[in-house]
Amino acid sequence: MRKYYKLYMVPAIIIIIAGFFSGFSEQSYEQIAENLLKERTQILQAAYSGSMEIKQAESRLSKIETYPLLSEDVGNLRDLPATEFDVVKSMEFIETTQERKMLQYVSLTVTIRWYMSGLESDYVSDYDYSVILKTTRDGYVLSEFNPKQ
């Protein structure tokens, strides 16, 4: 019996380690919202700057957004004339907190620090937003993204 204890120890250690690290593999709602907002910003910026076709931007947005946000973004892409926009150099998520979870929706409050490049100079601004994620069969998508009052 003494020889076989190693046979039981190795699988037991593997199960313990796998169980411990499996909790780290799932993203939090805060991380999901940050990733989706960063991707949305990149897509919109590329479309507004002309480096991405409007149809391609609409297609990419439809993979990470749902209504009503998707209809707002698509409408803005189609309606806005080609003008000079301030460029988002980067965005930093200062604070992200989950407000509530109801059915297939998760409500978050997000504070974003925007590092921008304008026509005359670079500037930094902080804004608070209300973000709503919707659960889909493929994961989560952005449903709403509105400035807090």
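In this structure, the pairs whose alpha-carbon distance is over 23 Å, taken from K38/K148; K38/K89; K89/K134, are K89/K134. What is the antiparallel percent of DSSP beta bridges lying wholly in region 29-147, to the nearest 5? Approximately 95 percent, going by the DSSP bridge assignments.
Taking a point 7 angstrom from the Cα of M116 along the C-beta vector, which residues in region 35-50 have backbone N less than 20 Å away? Of the residues in region 35-50, 37-50 have backbone N under 20 Å from the label point off M116. When only Cα pairs below 8 angstrom with a gap of at least 6 residues are kept, region 29-147 shows a relative contact order of 24 percent. Stretched out straight at 0.36 nm per residue, the stretch from T41 to K89 would grow longer than its current Cα-Cα span by 16.2 nm. Relative contact order of region 83-125: what whole-number percent is it, with Cα pairs under 8 angstrom and at least 6 residues apart? Value for region 83-125: 40 percent.
Readers should treat all values here as calculations from the given coordinates under stated rules, not as data from a laboratory. Predicted model only: the values in this text are computed from it and were never measured. No Cβ is skipped: glycine too gets one built from the backbone with ideal geometry, and neighbour counts run over all protein chains shown.
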